[in-house]
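Worksheet: one structure, shown below.
The values are calculated or read from the model by the stated rules, or taken from the named source; none is laboratory data. Remember, it's a predicted structure, so these values are computed and weren't measured experimentally. Cβ placement follows ideal geometry from the backbone for every residue including glycine, while neighbour counts extend to all protein chains displayed.
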Amino acid sequence: MNKIAILCMGKKGLQAINDIVKTFGSEIINFVVGARDLQIQNDFYDEILSLTTKYNIKFYDRNSDWEICIHDEYVFVIAWRWLVNQKNNKKLIIVHDSLLPKYRGFCPLVNMLINMEPELGVTFLYASATYDAGDIILQKKITINYPIKLVDAIDLVATKYSEGLIEIIQKIQLSDKIPYYTQNKDEATFSLWRDEDDYLINFNESAENVKRFIDAVGFPYKGAVAYIKSEKVRIMDAEIFTDKKIENRNIHIGKVVILDCQFPIIICKEGLLKILSVINDKNGKSMLPLVSFRTRFKGQL
């Protein structure tokens, strides 16, 4: 049996391990490396650790000396945020959340949702000196409908992770030659990392765009950011509300225009947005109902 190793994070990594074990048995996995991610609400680190313990699979934390354990097995890198040193790049297989060469880099799924891409996808590729530029082994795509929340998009993409991983591992077990092809670098686009400033809502866009942004940076991430006076809040859920004629609309963007069953209706550049869930960033407590009707939500300037 040709064993594999897995470097993984998040729900996609958790499901991948589970599906691989169900298909091939736990003995096919030599070891798993996990890492914590403090930037999101749930990094699934504990769940991955628990799953490897259940199946008696060796588990290493990223901060340990796990690299000395790599020998001649194929190494699969799933939802990983760091470079991996591997002498044989044809045995280091990256799983990337886009249809490369589009959206090379960080947070591709979030950015694809914000851009309302009609198709999401996963690319399985060999590692390379330049990130996400290696030879492509195979791709899986899925058509989606909007609106869609990030957590639901992750579930859909995770199924494609498992499908592709199982196909490749089957070839490894049969010692088949794994086909690949070179990316067209002229078609490459780049998806950049996000920091806290990138979670600020821009109410100077349409209500539809603002809702799509809220959906795209929600759970398992911490959520879209706005300010009420100097208080930082996170809008976790919203929906489009029937637009009204707003006099001098441009100077009132971000203000609450009406309340609908205690849910504030906010003025956007185009359209209105009904806030269904907003929490205090410090303590996670709901901000609804609002203390004052005369409230302005401030985001990007």
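Working only within the stretch 139-174, note down all residues that are assigned to a helix (DSSP H, G or I) and touching a helix residue (DSSP H, G or I) at 6+ places or on another chain (Cβ under 7 Å).
Of everything in the stretch 139-174, those that are assigned to a helix (DSSP H, G or I) and touching a helix residue (DSSP H, G or I) at 6+ places or on another chain (Cβ under 7 Å) turn out to be Leu150, Ala153, Ile154, Val157, Ala158, Tyr161, Ser162, Leu165, Ile166, Ile169.
Taking Thr189 as the residue in question, decide whether it is touching an Asp or Glu at 6+ places or on another chain (Cβ under 8 Å), surrounded by fewer than 18 Cβ atoms within 10 Å (Cβ to Cβ) and among the polar types (S, T, N, Q).
no
For the stretch 245-301, give me every one of the strands (runs of 3 or more DSSP E) that falls completely inside it and has 1 or more residues that are among the basic types (Lys, Arg) and at pLDDT 95 or above.
Passing ranges, in order: 272-280.
Name every residue in the stretch 4-28 that is over 17 Å from Val84 (Cβ atoms) and more than 24 Å from the chain's Cα centre (by Cα), in order of residue number.
Those that are over 17 Å from Val84 (Cβ atoms) and more than 24 Å from the chain's Cα centre (by Cα): Lys22, Thr23, Phe24, Gly25, Ser26, Glu27, Ile28.
For the stretch 153-196, which residues satisfy the criterion of being under 17 Å from the mean Cα position of the chain (by Cα) and farther than 27 Å from Gly25 by Cβ?
Answer for the stretch 153-196, where residues must be under 17 Å from the mean Cα position of the chain (by Cα) and farther than 27 Å from Gly25 by Cβ: Ala153, Phe190, Ser191, Leu192, Trp193, Arg194, Asp195, Glu196.
For the stretch 271-280, give me the residue count where each residue is surrounded by fewer than 16 Cβ atoms within 10 Å (Cβ to Cβ) and either over 21 Å from Ile240 (Cβ atoms) or over 27 Å from the mean Cα position of the chain (by Cα) (or both).
Adding up the residues that qualify gives 1.
Can we say Ile20 is in contact (Cβ under 8 Å) with a residue 40 or more places away in the chain and β-branched (Val, Ile, Thr)?
Spelling it out, Ile20 is indeed in contact (Cβ under 8 Å) with a residue 40 or more places away in the chain and β-branched (Val, Ile, Thr).
Could you please let me know if Asn145 is over 21 Å from the mean Cα position of the chain (by Cα) and surrounded by fewer than 20 Cβ atoms within 10 Å (Cβ to Cβ)?
Considered against the rule, which asks whether it is over 21 Å from the mean Cα position of the chain (by Cα) and surrounded by fewer than 20 Cβ atoms within 10 Å (Cβ to Cβ), Asn145 comes out as no.
Scanning the stretch 120-138 for residues that are among the aliphatic types (A, V, I, L, M) and part of a strand (DSSP E or B), which turns out surrounded by the most Cβ atoms within 10 Å (Cβ to Cβ)?
So, considering only residues that are among the aliphatic types (A, V, I, L, M) and part of a strand (DSSP E or B), the one surrounded by the most Cβ atoms within 10 Å (Cβ to Cβ) is Val122.
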